[in-house]
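Worksheet for the structure shown next.
Since every read-out is calculated from the coordinates, none of them should be taken as a lab result. Since the model is a prediction, treat every value here as computed from it, not as a measurement. Cβ coordinates were reconstructed from backbone atoms using ideal geometry, including for glycine residues, and neighbour counts include every protein chain displayed.
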Amino acid sequence: MACANKEIRLHTAAGEIVISLRSDVAPTAVQYVVSLIDEGVYDGSTLYRSTTLGHPGGPRLVQGGPFDQILTNNTRHEPPRDLRTISEFETTVESGLRHCRGAVSLGRDLPASGEVIADMFFCLGEFPELDYGGRSEPDERGFPVFGEVKSGLAILDELASGETAGSAKVALLEGQILSKPLVIESASSKLW
């Protein structure tokens, strides 16, 4: 992945996770994330999910953001009142970005609208099934990669290996919720 002109920083007790943003090829997704950061949507939310997406022994993926209030029993922070979504985004075919180690992508409301949601996820290995055409539910558009981890990958690797016995409000996520989620104390964006 090439250099970006923006970055975001997730400040946690375990250290800082810095994400280089790819506004050159994923401007819609980047604008969405930066606007949410500027509104404070991620402040106090958690990195709460670790999963292999059903491939035991496979690479892990870590998910986090304001949907922790909706999907888990976390009550650490007040959930945002307006968890706005977007329906249009750059697919991996359009951006040329892939779900490989270090890629950062956005979740989608798979059971309902299919729209992009505020939760982000970090790929700690290859996940081609998340690229365009890799799955059919709710469509074949996949998930929008918007950046890559510039620093803090070791924090995510350690978090991903944590116990996943946390309580889920959605049956599909049972066994994937971290017992000790990592709090995003604050998130900030920077232009250069």
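Given the DSSP H assignment, sum -39500 (n - 2.57) over each helix run of at least 4 residues in the chain and divide by its residue total; what's the result at 222 nm in deg cm²/dmol, nearest 500?
The helix-only estimate for the chain comes to -3500 deg cm²/dmol at 222 nm.
Measuring from centroid to centroid over Cα atoms, what is the spacing of the stretch 1-65 and the stretch 122-192 in Å?
About 8 Å separates the Cα centre of the stretch 1-65 from the one of the stretch 122-192.
For residue 87 paired with residue 136, estimate the spin-label separation in nm (one decimal), with each label point 7 Å from Cα along the Cα-to-Cβ line.
Here the answer is 2.4 nm between the modelled labels.
Can you list the equivalent-ellipsoid semi-axes of the stretch 6-183, largest first and in whole Å, using the square root of 5 times each Cα gyration tensor eigenvalue?
21, 18, 17
Taking only the C-alpha atoms, wrap a convex hull around the stretch 1-70 and report its volume per residue in Å³ as a whole number.
Given the Cα convex hull of the stretch 1-70, per-residue volume reads 136 Å³.
Taking the highest mean first, how do the peptides 60-70, 34-44, 146-156, 129-139 order by number of other beta carbon atoms within 10 angstrom per residue?
60-70, 146-156, 34-44, 129-139
What does the charge dipole of the chain about its Cα centre add up to, to the nearest 20 debye, if the Cβ of each Lys and Arg holds +1 and the Cβ of each Asp and Glu holds -1?
300 debye
Take every Cα pair under 8 Å in the chain that's 6+ residues apart, average their separations, divide by the length, and report that relative contact order as a whole percent.
Computed value for the chain: 33 percent relative contact order.
Tell me which residues come under 5 Å, amide H to amide H, from residue 141 once H is placed; ignore anything under 5 positions away on its chain.
HN-HN under 5 Å from residue 141: 133.
Between 41, 26, 134, whose Cα lies farthest towards the positive end of the dipole of the chain when Lys and Arg beta carbons carry +1 and Asp and Glu beta carbons carry -1, centred on the Cα centre?
Checked the options; the winner is 41.
Give me the log10 of I(q) over I(0) for the stretch 18-108 at q = 0.20, 0.22, 0.24 Å⁻¹, as the Debye formula computes it from C-alpha points; what are the numbers?
-1.15, -1.29, -1.38
Over the chain, how many pairs of lysines fall under 19 Å by alpha carbon, counting only those 8 or more apart in sequence or from different chains?
Total qualifying Lys-Lys pairs in the chain comes to 4.
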